[in-house]
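Notes to accompany the following structure.
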Amino acid sequence: MAELSQFLELFKVQPGYKYIQVTTEVDETTTALYELLTNNKAEMRIAYYTEEEMPNLSEDYPLATIQHIKNFNLPYRALPRDNDIVIYKDIFSKHNKQSLLLKTAYKTLANTADIIIMEKKGVLDIQEMIELFEKFEYRAPNYIDILDGYDIFMAKKLHMWGNGL
């Protein structure tokens, strides 16, 4: 699928990199990202939000680290400066504490790492998202329209800027 190849071009994977996708549902973007990471000796992590029974993701993603979060008020678990990219897919608009998600991502991102927020088209206001990134000390915020059905927002955590982590 051509649009997935464009989506994967957002990622410059190197061996040892760690990406976490925080989501309410896995789909072809999860699978494509998982294959890209495992083929490049990088690590995929999935934080799966659902109040219901979680599907057995370890069958489809045997090398991924998977955590289940049952409450949309809680953050996912992640160590400081331990991830090279945080991807929020279909969770940002549903989570009860969006500021907590942005703060958690900032803490877990390595310096010069990226945050990506993916939501169904039209769910989030583009200008408000760019302003929100800036409010939480993310730099170079962008809106990217490369995947049918999704709005993609991307920004960077820079060393010695903002919160100083």
The chain, relative contact order [Cα under 8 Å, separation at least 6], %: 20
Distant-in-sequence amide H partners of Ile146 (H built 1.01 Å from N, under 5 Å): Ile152
How big is the charge dipole of segment 23-130 about its Cα centre, in debye rounded to the nearest 20, if each Lys and Arg gets +1 on its Cβ and each Asp and Glu gets -1 on its Cβ? 540
Towards the positive end of the charge dipole of the chain, with charges on Cβ (+1 Lys, Arg; -1 Asp, Glu), say which of Ile144, Thr24, Leu79 has the farthest Cα. Leu79
Between Leu10 and Ile146, what is the spin-label point distance in nm, taking each point 7 Å from the Cα along the Cα→C-beta axis? 0.8
At 222 nm, what helix-only mean residue ellipticity would the chain give, in deg cm²/dmol to the nearest 500, using -39500 (n - 2.57) for each DSSP H run of four or more? -7000 deg cm²/dmol
At 1.4 Å probe size, with the rest of the protein present, what percent of the exposed accessible area of the chain is carbon and sulfur atoms? 49
Return the tail of the calculated pair distribution for segment 51-96, meaning the percent of Cα-Cα pairs more than 14 Å apart. 64
Chymotrypsin sites (Phe, Trp or Tyr not before Pro) within segment 94-165: DSSP coil, no more than 16 neighbouring Cβ in 10 Å: Trp161
What label, among (1) 1.10; (2) 0.93; (3) 1.06, belongs to Rg/Rh (Cα atoms, Kirkwood Rh) computed from the structure on display? (2)
Total lysine pairs under 16 Å (Cα atoms) in the chain, excluding pairs fewer than 8 apart on one chain: 24
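The values are calculated or read from the model by the stated rules, or taken from the named source; none is laboratory data. A quick note: this is a predicted structure, and the numbers were derived from the prediction, not measured. Because the Cβ atoms are built from the backbone with ideal geometry, glycine has one as well, and the counts that use them run over all protein chains shown. Only protein heavy atoms, including side chains, enter the accessible area calculation; ligands, DNA and RNA are left aside. Shrake-Rupley method; radii C 1.70, N 1.55, O 1.52, S 1.80 Å.
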